[in-house]
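J.: Can you read through this structure? Questions will come right after.
Each reported figure results from applying straightforward, stated rules to the coordinates on display, with no laboratory input. Keep in mind the model is a prediction, meaning the values are calculated, not measured. As a convention, Cβ positions derive from the backbone with ideal geometry for all residues, glycine included, and neighbour counts pool all protein chains shown.
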Amino acid sequence: MSIDTHRALLPIVAWLGLAALVSGCATELDSPRYSADFSSDLRDQARPFPDACLALAVEDAEPERLPPGCANALNLQRMVEHPADLRHGRQTGAAFAAPVAQAAERYLRGDAEAGQERQRRLEAQTGTAGVP
C-alpha cells in the first residue's frame, strides 16, 4: 500500500475506532433494585420494618455493607411522625398556591413598591417603624 492509500484510510479507521469506543459507553446508570416498601413487621418492633433491610433481620452476622436502600429506608423510618404512614400515607391538605404564585409574580415583575408597602403595613401593625 502506498502512503496515499494510508492517508485515505486513516480518517475511516479513526471514525470506526471512535464509534467502537462510544458504543461501549453506558448512556445512563442503572438504579439499584431494592424494595422501598415497609410491609414487614418484626416480632420485637411496633414499627414497620423496611423490606430493603430484611436480609439484616434474618441474618445474625453484621455485614460490612448495608443492602441497597436499607440505610435510606431506616433513616426515613426514624423521621416519620406516624409509623403507619410508611404503609399508607395520609391525604394531603390544601396547597397554599395563591400566596406562592403572588410572591413569584412580584419577584418576576421586580415589584419593589409592593414589597415596601407590605413592609410599611407590617411595621405599622407591630409598632416597629424606623427600628433597624
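J.: Pulled fully out, how much extra length does the chain show between ALA98 and SER39, if you take 0.36 nm times their separation in residues and subtract their Cα-Cα distance? Spell out each step's value before the answer.
T.: Values: separation 59, 0.36 × 59 = 21.24 nm, distance 3.75 nm.
Using 0.36 nm per residue and subtracting the Cα-Cα distance, I get 17.5 nm.
J.: Between ALA8 and LEU66, what length comes free when the chain is fully extended (0.36 nm per residue of separation minus the Cα-Cα distance, one decimal in nm)?
T.: Gain on stretching ALA8 to LEU66: 15.3 nm.
J.: Given R₀ = 25 Å, what would the calculated FRET efficiency be for ARG90 paired with ALA55, taking r from the Cβ atoms and rounding to 0.05?
T.: Step by step, r from the Cβ atoms, then E = 0.25.
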